[in-house]
Structure formats: C-alpha cells, structure tokens
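Quick one: the structure is below, questions incoming.
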Amino acid sequence: MTSTVTGDVLLTGGSGQVGIEILRQAPATMNVVAPRRGELDLGDPDAILALVASRPWAAVINCGAYTAVDRAQSDVVEAWRANALGPAALAQACAAAQIPLIHVSTDYVFDGSKPGIYTEADPVAPLGVYGGSKEAGEQAVRTAAPRHVILRTAWVVSPHGSNFIKTMLRLAETRPEIRVVDDQRGCPTSAADIAATLLKITGRMIANPQTAPRGTYHFVNDGEASWCELARAVFEMAAARGCPTPRVEAITTAEYPTPARRPANSRLSVAKLRADYGIEPRPWRAAVEDIVEALLPAKQEQGL
C-alpha cells in the first residue's frame, strides 16, 4: 500500500477535482508536490523537462488537462498543448529519469457506439477535439514512457470544482423543472475514489518497479446511469435533507445540442484493474451520497 512508500511524487493538476483528493488522501510518507497552474504550463515542454529533472522524483501523476470539452472545439491548439504535448514531455522526462508516469485519461477516446461495456482492448475513435487530444496524450505516454499506467475514467463528480452534481443542486435552487439528457449512459465516478486508485497504483509502481502491472486501465464506480437518472438520484438525496426537488424532464441529446459531440455509451469495464490491482469500485450511488452529504451542509451554512 502507499503508506509503506516513501519519496517525492510530482502531481500535475493539483487544483482539479482528482488532484485535490490526491493531496487530501496522500499518506504522510509520500510527499506530493503540486505546482500551481502559474508555476507549470503543461504546454511548455522545456518547463516540464526541467521540473522533472530538478530532483529525484519517485513518480509523476498527471491529472492536469484541458477539460473544457465544448470550448476545445474552437480552442484546438491550447487543448492539444495541454492534452497531447504535455503528456509527451512528461513521458520523455519520466523515461529519462527512469521513473513511473501515472496518467489520467477519459472515456471520450471512444465514440460511444459500442452496444456493450468498453474494455481497454476496444479501438478508440474520439468524436471531437477534446477526445482526440486526450487519445494523442495516451499514445505519447504509451510509446515514450516504459513504466506507465494510463487510467481512463468518466463522469467525474466531487464536492470540488465544477461538475454535474454541483450544477444540478445549484439549478434546483431557482428552477421548478430541469431538462436532462437521458440517452447518454455511463457511471458517475467519485474523484475521491479515483484519487485512492491512483495512489494505490503509484505506491505499487514505486515499491515494485519490476513487477507492478503496467499499461492501460479503466476505473469507474460500480453500476451505470443516464444523466437524467443521476439527476433524479441527486434530487432524491437532496429531498431527504430538506432541499428543493425540481421535476426532471428526460430529453434526448438532439434536444440539447452542444459544440462537441458526447459518447452515447461511456460504460467502462474495470475487470482488468480488479484483476491486476485488486481494486473493487463501490456503487456509484454510495459515492454520490457522500458528495451530496458534503455539499448540502455547506449550502445550508451559507443560508442558501
């Protein structure tokens, strides 16, 4: 486990949902260093190479990314700088330092047309700039960093930053009815659970450099839902705490057009991760319940 591992770990994206949880959960024996956005530009290869070479890091965890899916369609260069060029530089630097790189990726590398659950062996086919740039980042890591784990996840939620749960609870304060897409399916996944998984993988790769499993893995919480079903679950949990509960109207993706196309199927198999790392995801409803519990007291304290 990570508690027996010592060393300095470089974390990119420390201000994001998963990065915040990594910093919160990291064991005392693992010194996680997370440069602020102004201190490290993921689109600057020279800065990345210099930082990785600046001390004997035990590992690098890359949670940094350009995640504005719709804006990426018109901000192509910046999306590719952060999501493809940044991981390429990190992979090169980690290879030179002979340290592991643990890289976070996304369900958006798939087009969502598969009827069943996606495995790591399924072919990628991104629908837009965000997914394409993330897939390019995967390729860079896969081909340049011998000691790597790529962890794909989906539908990330937490009490931090911007995400679907926080948006729904905010809208519930002023709207009696909310229209939510019901024909995209995936699994709501807790940033806290992703962080715990990343820390376990990182600890094992540091402690067992020769035998720790490498390659591409999926992690999501257990089960599946549509965005509409998730919204209804969130409002059920909020209602139990005396909060507003708007009516949720199910709509199609076509009724809610966006600049970037979304995968209709974002279901990811965790069988490979379970077999290689012994990680057993908890049900998504339990994860979402924890997030709602964390958010609503804060709202009540603010008099909202």
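Looking at (1) over 24 Å from Ala286 (Cβ atoms); (2) under 14 Å from the mean Cα position of the chain (by Cα), which is the one condition that is false for Ser158?
With (1) over 24 Å from Ala286 (Cβ atoms); (2) under 14 Å from the mean Cα position of the chain (by Cα) applied to Ser158, the lone miss is (1).
Same structure again: Would segment 6-16 turn up any residue that is in a helix (DSSP H, G or I) and under 18 Å from the mean Cα position of the chain (by Cα)?
no
From the residues in segment 2-25 that are hydrophobic (A, V, I, L, M, F, W, C) and either out of contact with any helix residue (DSSP H, G or I) (no Cβ under 6 Å at 6 or more places or on another chain) or modelled with pLDDT of 95 or more (or both), which one is surrounded by the fewest Cβ atoms within 10 Å (Cβ to Cβ)?
Leu23
Kindly indicate whether any position in segment 227-242 is part of a helix (DSSP H, G or I) and acidic (Asp, Glu).
yes
Could you identify the single residue in Thr258, Thr202, Thr252, Thr245 that is in contact (Cβ under 8 Å) with a residue 12 or more places away in the chain, surrounded by fewer than 16 Cβ atoms within 10 Å (Cβ to Cβ), in contact with a helix residue (DSSP H, G or I) (Cβ under 9 Å, 6 or more places away or on another chain) and of a type in the set (Val, Ile, Thr)?
Thr258
Residues in segment 139-192 that are part of a loop (DSSP other than H, G, I, E, B) and among the charged types (D, E, K, R): how many?
Total meeting the criteria: 5.
Right, next: Which residues, taken from segment 83-112, are surrounded by fewer than 24 Cβ atoms within 10 Å (Cβ to Cβ), among the hydrophobic types (A, V, I, L, M, F, W, C) and in a helix (DSSP H, G or I)?
Listed by number, the residues that qualify are Ala84, Leu85, Ala88, Ala89, Ala93, Ala95, Ala96, Ala97.
Ok, one more. Right, Arg152: modelled with pLDDT of 95 or more, farther than 26 Å from Ala225 by Cβ and among the charged types (D, E, K, R) or not?
Considered against the rule, which asks whether it is modelled with pLDDT of 95 or more, farther than 26 Å from Ala225 by Cβ and among the charged types (D, E, K, R), Arg152 comes out as no.
Name the residues in segment 38-75 that are within 22 Å of Ala192 (Cβ to Cβ) and either assigned to a loop (DSSP other than H, G, I, E, B) or of a type in the set (Val, Ile, Thr) (or both), would you?
Val60, Ile61, Cys63, Gly64, Ala65, Thr67
Can you work out which of the residues in segment 278-294 that are buried (at least 19 other Cβ atoms within 10 Å of the Cβ) and out of contact with any Cys (no Cβ under 6 Å at 6 or more places or on another chain) is farthest from Glu236 (Cα to Cα)?
Pro281
Just checking, how many residues over segment 87-137 are in contact with a Pro (Cβ under 9 Å, 6 or more places away or on another chain), among the small types (Gly, Ala, Ser) and over 26 Å from Val76 (Cα atoms)?
Number satisfying all stated conditions: 2.
Something else about it: Which one of these does Ser74 not meet: (1) free of Cβ contacts under 8 Å to residues at least 60 places away in the same chain; (2) polar (S, T, N, Q); (3) exposed (fewer than 15 other Cβ atoms within 10 Å of the Cβ)?
Of the numbered conditions (1) free of Cβ contacts under 8 Å to residues at least 60 places away in the same chain; (2) polar (S, T, N, Q); (3) exposed (fewer than 15 other Cβ atoms within 10 Å of the Cβ), the odd one out for Ser74 is (1).
The values are calculated or read from the model by the stated rules, or taken from the named source; none is laboratory data. Just so you know, these numbers come straight off a predicted model, no measurement behind them. Glycine also receives a Cβ, built like all others from the backbone with ideal geometry; neighbour counts cover every protein chain displayed.
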